1. What is the distance, in nm, between label points placed 7 Å from the Cα along the Cα-to-Cβ direction at A244 and at I499?
2. Take the eigenvalues of the Cα gyration tensor for region 53-93, scale each by 5, and report the square roots as semi-axes in whole Å, largest first.
3. Rounded to the nearest angstrom and ordered from largest down, what semi-axes does the equivalent ellipsoid of region 109-252 get from its C-alpha gyration tensor (root of 5λ)?
4. Quick check on the chain: helices-only [θ] at 222 nm, where DSSP H runs of length 4 and up contribute -39,500 (n - 2.57) each and the sum goes over total residues. Nearest 500, please.
5. Work out, in µm²/s and without decimals, the Stokes-Einstein translational diffusion coefficient of the chain at 4 °C, 1.567 mPa s, Rh from Kirkwood over C-alpha pairs.
6. May I ask for the net charge around A105, where only other residues with Cβ less than 15 Å from the Cβ of A105 are counted and Lys, Arg are +1 while Asp, Glu are -1?
7. When Lys and Arg each count +1 and Asp and Glu each count -1, what net charge do the other residues less than 15 Å away from M395, Cβ to Cβ, add up to?
8. So what is the relative contact order for region 154-260, in percent, with contacts set as C-alpha pairs under 8 Å and at least six apart?
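Coordinate-derived values only; no laboratory data. This one's a predicted model, so the numbers in the text were calculated from it and none came from an experiment. Note: ideal-geometry Cβ built from the backbone for every residue, glycine included; neighbour counts use all protein chains shown.
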Amino acid sequence: MNLLNTIQTVQRIIVNSLARRGALFLFATARKGEAFWQASRFHGLLEGFVDTAAKSLAARFLGGDPTARLASRLASSDIITSLREPGRKIEQSRQALIDGTRAFAEGSIAAAILRHLACPEGWQLAGLSRAGLAFLAGLFLVFASLGALSLKTGLLLTLSIVLLFFLSRSPVTIAEIWADSLPGRLFRSILPEELVPRDDHYPVAPPLKGAGAAAMYLLLFALGAVLALLSIKWQNLLVLALPAVLLAPALLFLRPELGLLGLIGYSVVDWWMRMKPNLLTSVWDDLLLASLAAALIGQWVTKRDFRWRIHPTFFALTAFISLLLFLFLIDSTYPRLSVPLDGLRVIVQHMLWFYIAVQLVKTPRQAALLLILFTLVGTAIAAFGVYQFIVKAPMPENWVDQAELGSITTRAFSIVGSPNILGSLLVLTTPIALGLAYRGKTIQRLFYLACAALMGASMLFSFSRGAWLAIAAAIILFGILQDRRLIALLIIGAILLPIASPAAADRVSYLLSPEYFKKSAQDGRLERWDLALEKVAQRPLTGIGLGRYGGAAAENNKEYLPHRTLYTDNYYMKTAAETGLLGLFAFIALMVSVLRTAFGTAIHSPPPRRALAIGVACGLFGVVLHNAVENVFEVPLMVTSFWLCAALLWELRSNTQALTTKSLDT
């Protein structure tokens with residue numbers, strides 16, 4: 001035994017020594033590399049270029065303070081001035097309505113139940129257990145009285161009742177359970193210090209007492225009895241899950257900001273829905289959008305302190321949507337009404353998330369937490385993409401050119417379903433992960449660097465050349481604004497690419513070969529872009545009409561169209577073909593407005609959040625670039641994620657006082 005302990009001790013010493021030496025060697029190499037970088041001529045030229053660029057007109061245009069610009073616009077706008085008096089009267093009427101309703105509802109049973117439901121993180125195990133006992137009592141009574149209580153069902157109900165009975169005196173809340181759980185502790189461990197709650201006081205939902213509690217338990221008892229009858233009639237126990245289904249919309253109405261979690265996990269929810277198709281598969285996001293819009297209206301009607309929040313990009317986005325509606329109304333050449341309607345819906349519907357998200361994200365901490373969750377989702381998606389590449393997941397042959405089949409055996413696509421869209425999603429999330437790596441403790445920084453590295457590997461294995469170009473531009477811009485060393489690492493990575501991944505190097509070299517240009521001109525991007533330009537030439541000002549060319553709407557309605565409906569692989573070309581130069585310039589102006597606000601917000605964000613804000617802005621910039629070689633905005637996941645990140649970035653700034661409809665009253 002002593003000999004075994006001695007051997008294990010020696011092994012630990014050797015391993016620890018090698019690990020220590022390896023770490024010291026890497027650290028010393030990095031220090032020498034940094035010193036070499038600082039002394040290099042390229043570094044001096046880069047610093048000079050950055051200093052010159054910072055004084056340029058473009059830098060002043062993009063780097064201005066968007067908060068001050070918005071305040072100035074609100075103060076000088078004739079339209080806003082004309083709306084102040086009507087807005088003041090509407091606000092007075094709203095306040096009077098709320099006061100009257102509150103006086104009527106104050107102390108009512110319904111109000112007590114709603115206040116309790118509106119704080120799910122403060123629900124106590126005691127209350128949940130008693131609610132569960134009331135529901136199970138209704139089930140048990142009906143099953144027993146109708147003789148439908150089998151031995152298995154009876155045993156399951158009895159065990160559930162006993163468990164809930166023992167928990168019925170526990171004051172622990174949902175928030176405390178999460179905080180003490182392993183996932184909760186792990187999540188807190190990756191949060192920067194300023195995002196971790198500084199006290200141990202957890203919210204507690206307003207307790208239900210007296211008539212309120214009796215009414216709630218009676219309703220649950222009745223619901224259990226009704227569902228038991230329905231499950232017996234339909235011979236389906238899944239009916240018993242209806243309370244959870246009913247609880248979700250109730251929580252969305254009372255706490256609409258919880259709906260943003262659905263947007264953060266959009267890719268996962270959509271993938272799960274596609275795995276098990278049902279009635280909600282194609283409409284779940286539509287229902288979520290409508291539910292949150294209704295919930296916002298409900299809050300406006302019921303909360304005195306509610307104010308509509310204003311974003312600088314609202315003006316450009318509203319103008320773009322208005323132009324699309326105008327083009328839709330003046331178009332009379334469509335083969336059937338569903339064609340332009342579908343084309344309009346594909347463009348506009350998921351842009352509406354921006355208006356919703358701006359209203360729901362109210363604090364920098366909330367925005368930062370959502371961005372961290374978004375990064376974790378992106379990391380999980382990237383990890384699955386790397387796994388697909390390792391196990392050589394099968395792919396359609398048309399994902400690569402015939403000349404590349406020998407060197408590329410698979411392309412990572414993860415749960416997204418398309419390697420190009422996977423690449424675009426990672427273009428958005430990788431700079432965010434990099435931004436998070438500049439805050440927090442050392443272990444937290446290493447964690448987010450690992451997330452960014454995993455995303456980079458997955459993007460490499462997607463073999464999406466458009467995504468590679470977009471992420472390279474995004475990282476260069478991130479390096480200019482935050483850390484010049486990243487540019488050096490990017491250059492080193494590009495030099496080592498042929499050694500690290502010969503297939504990736506071959507794919508880049510094939511892009512520059514005459515053979516690629518020949519095939520692309522025959523049946524590829526170049527041909528599709530030529531066809532799009534032909535459509536623009538037919539009707540330069542207004543285009544050939546919404547839903548007619550270059551995207552999903554045209555492809556879905558191709559039997560009604562007299563021409564080919566190819567995907568353009570260029571969203572700007574697609575926009576020009578369908579909406580003409582008017583639509584193209586309006587869309588470009590919209591993207592410029594988004595980026596101007598994004599980079600202005602990032603530059604003027606407080607130091608603790610500046611790196612993260614720069615990461616989000618660079619991610620948005622990468623997606624805007626990727627749209628030039630891919631129909632990125634044809635994919636609901638990408639449009640939703642893009643506008644959600646734009647809304648979250650805006651809230652990372654420090655001052656939010658003058659950016660609500662209160663501005664209209666001053």
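1. Each label point is offset 7 Å from its Cα along the Cβ direction, giving 5.2 nm.
2. They are 34, 9, 5 Å, listed from largest to smallest.
3. 32, 18, 14
4. Result for the chain, helices only: -23500 deg cm²/dmol.
5. After rounding, the answer is 45 µm²/s.
6. +2
7. For residues surrounding M395, the net value is 0.
8. Relative contact order, region 154-260: 13 percent.
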